[in-house]
Amino acid sequence: MTASATSIAARGPRPPLLARLISRLVMLVGGVPYALIAIGLRLLMARVFFPDGQSKIEGPVVSFKWLYRNADFTVTLPTDISDAALQMMQTQYAHLPMSPTTAAYLFTYAEFVLPICLVIGFATRFAAFGLLVMTLLIQFYVMPQLWWSTHVYWVAILMVLMTVGPGAVSIDALIRHFYEK
């Protein structure tokens with residue numbers, strides 16, 4: 001037996017091509033840092049809740065056209081809740097375990113503040129918990145038919161953000177860094 005034949009025999013048979021490809025894919029995916037995944041999850045959940053909150057408030061409109069010249073990104077700053085939002089809460093959200101007016105103010109301002117916290121990574125676990133509570137209230141009292149189509153995914157993402165945190169690219173991580181020094 002030659003030296004190369006002996007080393008091949010000692011290693012055993014070579015795994016099939018599919019097994020080698022799967023092994024390489026797992027190694028590649030395992031190298032993705034959580035910070036990148038967390039940014040995606042935070043932006044995704046902010047994108048779910050923020051536009052809904054924007055549709056329920058009235059106030060001055062701030063344009064962010066200077067950030068990117070072709071973007072038409074505006075934000076309405078909350079000074080009050082729209083009449084349409086109050087009427088919607090009176091009819092659709094009437095079964096919540098709180099008054100519809102309280103729910104309107106609580107949900108609307110939460111849908112404005114908490115997604116901003118998620119985007120910048122500030123108080124991320126608290127923001128995710130607040131949005132999780134809102135999601136569960138909507139699920140159980142307003143739209144129970146949306147569990148498997150929508151809410152189960154929101155709950156899973158928000159629970160990841162609550163348990164694992166915002167990742168290294170966040171204000172929370174910056175605060176933790178200075179606190180530990």
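For Gln92, the criteria (1) over 27 Å from Leu136 (Cβ atoms); (2) at pLDDT below 90 hold in every case but one, which is (1).
For Ala71, the criteria (1) within 16 Å of Phe49 (Cβ to Cβ); (2) open to solvent by less than 90 Å² (accessible area, probe 1.4 Å); (3) not β-branched (Val, Ile, Thr) hold in every case but one, which is (1).
Scanning region 169-181 for residues that are open to solvent by less than 80 Å² (accessible area, probe 1.4 Å) and outside any helix (DSSP H, G or I) yields a total of 1. Listed by first and then second residue, the pairs with beta-carbon distance under 9 Å, at least 6 apart or on different chains, first residue in region 17-38 and at pLDDT 85 or above, second among the basic types (Lys, Arg), are Arg20/Arg14. If you go through region 115-167 and keep only what is open to solvent by 20 Å² or more (accessible area, probe 1.4 Å) and touching a residue at least 60 places away in the same chain (Cβ under 8 Å), you end up with Ile116, Val119, Trp154, Ile157, Val160, Val164.
Taking the conditions (1) open to solvent by less than 60 Å² (accessible area, probe 1.4 Å); (2) over 30 Å from Ile120 (Cα atoms) in turn, Ile39 satisfies each one other than (2). Among Gly59, Gly53, which is the only one that is small (Gly, Ala, Ser), at pLDDT 90 or above and farther than 30 Å from Met162 by Cα? Sole residue among the options that is small (Gly, Ala, Ser), at pLDDT 90 or above and farther than 30 Å from Met162 by Cα: Gly59.
For the condition within 21 Å of Ser55 (Cβ to Cβ), open to solvent by less than 80 Å² (accessible area, probe 1.4 Å) and touching a strand residue (DSSP E or B) at 6+ places or on another chain (Cβ under 6 Å), what is the one hit in Ala104, Ala94, Ala84? Give the steps one after another, and end with the answer.
Numbers: Ala94 fails: touching a strand residue (DSSP E or B) at 6+ places or on another chain (Cβ under 6 Å); Ala84 fails: touching a strand residue (DSSP E or B) at 6+ places or on another chain (Cβ under 6 Å).
So the residue among Ala104, Ala94, Ala84 that is within 21 Å of Ser55 (Cβ to Cβ), open to solvent by less than 80 Å² (accessible area, probe 1.4 Å) and touching a strand residue (DSSP E or B) at 6+ places or on another chain (Cβ under 6 Å) is Ala104.
The values are calculated or read from the model by the stated rules, or taken from the named source; none is laboratory data. This one's a predicted model, so the numbers in the text were calculated from it and none came from an experiment. Reconstructed Cβ throughout: ideal geometry from the backbone, glycine too, with neighbour counts over all protein chains shown. Heads up: the accessible areas ignore ligands, DNA and RNA and are worked out on the full protein's heavy atoms, side chains in. Shrake-Rupley method; radii C 1.70, N 1.55, O 1.52, S 1.80 Å.
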